[in-house]
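The values are calculated or read from the model by the stated rules, or taken from the named source; none is laboratory data. Only a predicted model underlies this, so the values are computations on that prediction, with no experimental measurement involved. Cβ: placed from backbone, ideal geometry, glycine included. Neighbour counts: every protein chain shown. With ligands, DNA and RNA removed, areas are computed over all heavy atoms of the protein, side chains included. Shrake-Rupley method; radii C 1.70, N 1.55, O 1.52, S 1.80 Å.
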Amino acid sequence: MRTAKELPLADRLAALREAVEVAEGRLDVPEVAQARALLAKAGARAALGDATVVALAGATGSGKSTLFNALSDAEVSTPGVRRPTTGVAHATTWGEDGADRLLDWLEVPRRHRHAPEPALDGLVLLDLPDHDSVRLEHRLEVDRLVGLVDVLVWVLDPEKYADAAVHDRYLAPLAGHAGVLLVVLNQIDRLDAVAAKECLTDLRGLLDREGLAGAPLLAAAGRVGTGVAELRGELARRVAARRAATDRLTADVRGMAAGLAQHAGDEGAALDRRDRGELVEDLGAALADAAGVPAVTSAVERSTLRAGVGHTGWPLVRWVRRLRPDPLGRLHLGDEPARTSLAPAGAGDVAAVTTAVRRARDVVGEGLPQAWRDDLRRTVEVSEDDLADRLDRAVAGTDLGPDRVPLWQRAVGGLQWVLALTALAGALWLLALVVLGFFQLDDVVPLPRVEGLPLPTLLVVCGLLAGLLLGLVSRPLVRMRARRRARAAERRLRAAVEQVAEEELLAPMTAVRADAARFREAVRTAQR
Ligand SMILES: Nc1nc2c(ncn2[C@@H]2O[C@H](COP(=O)(O)OP(=O)(O)O)[C@@H](O)[C@H]2O)c(=O)[nH]1
Ligand SMILES: [Mg+2]
């Protein structure tokens, strides 16, 4: 049944190890710890050589000890007794080294060494306690050893061979392990030929239906020696192949991988770049509001407007304006340490972020099994905690664009000064005329006139009017520039916020998805 292309056990174990490593700390399922234990078992067993550990298991009185003694050619285990000693396994070993380290690892203290018998050299045979013992510790010992041995010989008797407890608890779970199981229908001498045949047929059918068609079924009568030679031959074949340990571990790993596969899911559609882009945009929009991007944008606009009016307005108006605080300055952007004085996000904005995050989580988690979606939820919760802080720093650290005074504003500002000085000169001239008038000297100096109007009056009126007009004309341009600068700042702020969305939320989320894919691949390899 073994194909030439079958994956070597080492590769299978490596795949299982990778699956465990990816899943540990992510998947909250018992299978991960079980797989970790299996890896430990495999590592320990591999270091103990290629002996073949076979255990005789079965119910009280099925004839395990009798069969064990017959195979051991010695009274190692006393049949028909239920002293406390029957709660521990007995071992008979074939071969030179006595398999002491292996038996130490198996924690089987009672050992007997069989005389040299080349066909069975390397066999370690165990007589297990009764699986149906009234003593819990005996039953636990059975389960422990059933998990560790390479080959299980399940001894059934004609009365209880169909016992549901045995089939459900021990045999059916070995469905993937048919190679490691041997079933013996013992005490066959108690049936006549017809009944024996019927019994065997019935049992065979039962095993086949349990997925154990590959498990050999032998008839035996340990007390009279029937079938013992066949059983010995069956064991000799397994010992000679020196594969029992490998086969058992392979079966274990495949079974374990099948258990993990329920958390692996199917190949979901990969998250393509467009989906990702949409998610970042969606998250970014919600985060931008929560991070106060509209407030900063509006402050940039008002601040630029204020500065522009300051430069192009009538000089006296500038002074008044300068007394008011800069709306941008109040937000303390770009201070060290990088923190803003923006108000914390309102409940509505926080709710919008929560909704956007949940939406992203659903998209990223689509098609993933529940255990991975749970991990996704935990991952996102952790990310959300540092979010406000990261966002504030991102906003505070964003370069809002150059706030140089444009050349035209400088030119207008210069012109405003010239006009103001012109008006001032006219005013001083008029003042001088008043003083001269007081001393009755106003006729001494001739008053220049343009089109009949006195020149100083013209200077004052024109200087003032032109200044106010220039300020008014510049206003729409100043406003346009303020809006442009605000838009540029908003673009930069949104980019910074999207980067936070990408790094703090989307990256951890997609990392979960990537791990789920790695897990799926590894499990698939281990199970192949
Ligand atoms: N008729 C018959 N009796 C058996 C056979 N094997 C064991 N017995 C008897 O069944 C009882 C229980 O045997 P034992 O080997 O102690 O069973 P264990 O509890 O499974 O270890 C003893 O009295 C044995 O003599 C057998 O093949 N045929
Ligand atoms: Mg016994």
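Could you tell me what percent of the accessible area of the stretch 219-369 is made up of carbon and sulfur, with a 1.4 Å probe and every protein chain present?
Ligands and nucleic acids excluded, carbon and sulfur give 55 percent.
Could you give the semi-axes, largest first, of the ellipsoid that matches the stretch 93-186, computed as the square roots of 5 times the alpha carbon gyration tensor eigenvalues and rounded to whole Å?
In descending order the semi-axes read 25, 16, 13 Å.
Where the centroid of each part is defined by its Cα atoms, how far is the stretch 235-250 from the stretch 273-289 in Å?
57
Could you tell me the calculated FRET efficiency between R324 and A10, based on Cβ-Cβ distance and R0 = 51 angstrom, to the nearest 0.05?
Once the sixth-power term is evaluated, E becomes 0.10.
Accessible surface of E278 in the full protein assembly, 1.4 angstrom probe, to the nearest 10 Å²?
Estimated to the nearest 10 Å², E278 gives 100 Å².
Looking at the P(r) of the chain, how many percent of alpha-carbon pairs lie beyond 30 Å?
68
Nearest 10 degrees is fine. How inclined is helix 407-438 to the longest principal axis of the chain, computing both from alpha carbons?
For 407-438 against the chain, the angle is about 30 degrees.
Nearest 10 degrees, 0 to 90: what angle lies between the long axis of helix 347-365 and the longest principal axis of the chain (Cα atoms)?
40
So how much slack lies between T355 and R528, counting 0.36 nm per residue of separation and subtracting their Cα-Cα distance, in nm?
58.2 nm
Over the stretch 187-244, what per residue volume does the convex hull of the Cα atoms give, in whole Å³?
Convex hull of Cα atoms, per residue: 84 Å³.
Enumerate the amide H contacts of L218 below 5 Å, restricted to partners 5 or more residues apart or on another chain; note that Pro and chain-start residues carry no placed amide H.
Correct list: V183, V184, L185.
Kindly express, to the nearest 10 degrees and within the range 0 to 90, the angle between helix 273-290's C-alpha long axis and the longest C-alpha principal axis of the chain.
Between helix and principal axis, roughly 60 degrees.
Between V444 and K197, what length comes free when the chain is fully extended (0.36 nm per residue of separation minus the Cα-Cα distance, one decimal in nm)?
Gain on stretching V444 to K197: 73.6 nm.
Round to the nearest 0.05 the FRET efficiency obtained for D104 and D389 when R0 = 51 Å and r is the Cβ-Cβ distance.
0.35
Test of understanding: express the Cα radius of gyration of the stretch 353-430 as a ratio to 2.2 N^0.38 Å, with N the residue count.
The reported ratio for this selection is 2.53.
Evaluate the distance, in nm, between pseudo-label points positioned 7 Å from the Cα of D208 and of V317 along their respective Cα→Cβ axes.
Distance between label points: 10.3 nm.
In sequence order, what are the phi-derived ³J(HN,Hα) couplings for the stretch 515-527 according to the Karplus relation 6.51 cos²θ - 1.76 cosθ + 1.60 with θ = phi - 60°, rounded to whole Hz, with x for glycine and proline?
With coefficients 6.51, -1.76 and 1.60, one gets 5, 4, 5, 5, 4, 4, 4, 5, 5, 5, 5, 5, 8 Hz.
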